[in-house]
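Below is one structure; the comments refer to it alone.
The values are calculated or read from the model by the stated rules, or taken from the named source; none is laboratory data. Remember, predicted model here, so these are calculated numbers, not experimental data. Heads up, the Cβs are rebuilt from the backbone with ideal geometry, glycines too, and the neighbour counts pull from every protein chain shown.
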Amino acid sequence: MSDRVLNLVEQLCAVEPDRRPGSQGNEDAVALVAGHLKEAGWEVSLPEFDVLNWVGGDAVFGVGSESVPIVPGPYGMPVDASGAVRVVDSTEGLSAEDLTGSILVVTGSLASEPLTPKGFPFYRSEEHTRIIERLESARPAAVIAVTGKYPALCGALDPFPWIEDGDFEIPAAAVRPADAALLLSSENKIGHVSMDAHRIPSTARNIVAHKGPSDRRLVVCAHIDTKPGTPGAVDNAAGVVALVLLGERLAQHDALPVGIELLAVNGEDHFAAPGEVAWLEANEGSLDAIELFINIDGAGYRRGRTAFSFYNVDLERLESARRVFTDFDDMIEGRPWYQSDHAIFAMQGRPAMALTTEFVDEMLAELFHAETDAPDQVAPERIIGIVDALEALAVTW
């Protein structure tokens, strides 16, 4: 079984270019997973929705004969322009009158955290909205942010993208502080910036598999997509493989005390969360039928046990579910964690559960969203343990 788990993880990580929504690799991954669930006897649907795909290429900033590579902001615009370099480290500095057509270098506290995308459906920051409005009013030719790491939202990316937003119409990039000397020392000089990037309107699909009644059901979710440029083994091929194995396991039960929905959602790592939005729209008016929304994300990490956490679950069911999971030596109750799809339910006061790793901070800092998130970071026995526990939960609910 361990060999099969690793083989499935490797197949999901091997698609090209990766599993970003709208790409061929994402579609190949959806077909693979849907095929396994159909073969196991599940009723499977593949609802389609519009999505923005993106491909980025080389990017560079230069002044005179000197240049430095920069990292295009995912889902951003291409550019090939020259302009005066302006360095800004505060929101107030964005109101300067001479920023139009400039190469705007953003640093300091202003660039300390990623900006929430303009159209993100589940959260809004008034401060970030003001910053974006001022950027758009200033109309620079390009924005280059000096950033480092921000594991809570951007995983192991270094530099993290200050702007990752397909609705933002100014070309944006990032550069690490160690590589930013040329930008920071070039204020008022004429610089040049070029970035190769392509926005590609496309479509993607969720995988929705049903067994039993839908008017009273558990939903087990794992996002199938990745950020551009990462194999996405722990984030989140491991979770998707757990869905496949759970589907095969539960298909062997003639009857369960509750309906089951397996959801491979397509968009958790996309700036607009398109798969989540599409699924919520399809389930409008029927969310009360979901007795528990279980989300697997970042589980199966080679180090540590699987951490579970509950949100808004009534006391009787909470104690029953805890007994199920604490019976497994590979499980530990973890701290609340809101950076994934279960948060959509938890923040609405609905019952939810998350399964991740007890070393979630380490995993975020070293693996998430980066090339290092490869199959060798996955422990197959952790995934099998998750399937064992979820099967026990389903049959005793």
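Structure data summary
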item: Filter pass, Ile296 being more than 26 Å from Asp373 (Cα to Cα) and modelled with pLDDT of 95 or more; result: no
item: Selected residue (criterion: nearest to Asp269 (Cα to Cα)) from residues of the range 364-381 that are touching a Pro at 6+ places or on another chain (Cβ under 9 Å) and part of a helix (DSSP H, G or I); result: Leu364
item: Meets criteria (farther than 30 Å from Phe168 by Cβ, in contact with a Leu (Cβ under 8 Å, 6 or more places away or on another chain) and surrounded by fewer than 24 Cβ atoms within 10 Å (Cβ to Cβ)) for Val258; result: yes
item: Output for the range 141-184, where each listed residue is over 21 Å from the mean Cα position of the chain (by Cα), of a type outside the set (Asp, Glu) and within 15 Å of Leu115 (Cβ to Cβ); result: Val143, Ile144, Ala145, Val146, Ile170, Pro171
item: Verdict on Ala272 being at pLDDT 95 or above, part of a loop (DSSP other than H, G, I, E, B) and hydrophobic (A, V, I, L, M, F, W, C); result: yes
item: Considering residues of the range 319-337 that are part of a loop (DSSP other than H, G, I, E, B) and either in contact (Cβ under 8 Å) with a residue 60 or more places away in the chain or not assigned by TED's automatic domain parsing to the domain that holds Ala237 (or both) only, the residue farthest from Cys221 (Cα to Cα); result: Asp327
item: Of residues in the range 37-90 being among the polar types (S, T, N, Q) and over 20 Å from Val106 (Cβ atoms), the one surrounded by the most Cβ atoms within 10 Å (Cβ to Cβ); result: Asn53
item: Some residue of the range 339-359 being of a type in the set (A, V, I, L, M), out of contact with any strand residue (DSSP E or B) (no Cβ under 9 Å at 6 or more places or on another chain) and either at pLDDT 95 or above or buried (at least 16 other Cβ atoms within 10 Å of the Cβ) (or both); result: no
item: Every residue from the range 356-372 that is closer than 9 Å to Thr230 by Cβ and within 15 Å of the chain's Cα centre (by Cα); result: Leu367, Phe368, His369, Ala370, Glu371
item: Of residues in the range 33-58 being in a strand (DSSP E or B) and of a type in the set (A, V, I, L, M, F, W, C), the one nearest to Ile260 (Cα to Cα); result: Val44
item: Test: residue in the range 235-242 that is assigned to a helix (DSSP H, G or I) and of a type in the set (D, E, K, R); result: yes
item: Selection count, the range 91-121, where residues are surrounded by fewer than 18 Cβ atoms within 10 Å (Cβ to Cβ) and either free of Cβ contacts under 8 Å to residues at least 12 places away in the same chain or closer than 30 Å to Val277 by Cα (or both); result: 7
item: Scope the range 35-89; condition among the small types (Gly, Ala, Ser) and within 30 Å of Val208 (Cβ to Cβ); matching residues; result: Gly35, Ala40, Gly41, Ser45
item: Any pair with Cβ under 6 angstrom, 6 or more apart, that starts in the range 385-397 at a residue that is over 13 Å from Ser320 (Cα atoms) and ends at one that is polar (S, T, N, Q) and surrounded by 22 or more Cβ atoms within 10 Å (Cβ to Cβ); result: Ile386/Thr306
item: Residue ID - nearest to the chain's Cα centre (by Cα), chosen from residues in the range 257-269 that are closer than 9 Å to Asn206 by Cα and either of a type in the set (A, V, I, L, M) or in a helix (DSSP H, G or I) (or both); result: Val265
item: Pairs where the first residue, in the range 287-299, is surrounded by fewer than 20 Cβ atoms within 10 Å (Cβ to Cβ) and the second is among the acidic types (Asp, Glu), C-beta under 6 Å, 6+ apart; result: Ala289/Asp215
item: Yes/no for Ala156 being closer than 30 Å to Leu32 by Cβ, touching a helix residue (DSSP H, G or I) at 6+ places or on another chain (Cβ under 6 Å), assigned to a strand (DSSP E or B) and not β-branched (Val, Ile, Thr); result: no
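Yes or no, residue by residue, for (1) under 25 Å from Leu153 (Cα atoms); (2) assigned to a helix (DSSP H, G or I):
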position	(1), (2)
Gln339	yes, no
Met353	yes, no
Thr356	yes, no
Glu362	yes, yes
Ile383	yes, yes
Ala392	no, yes
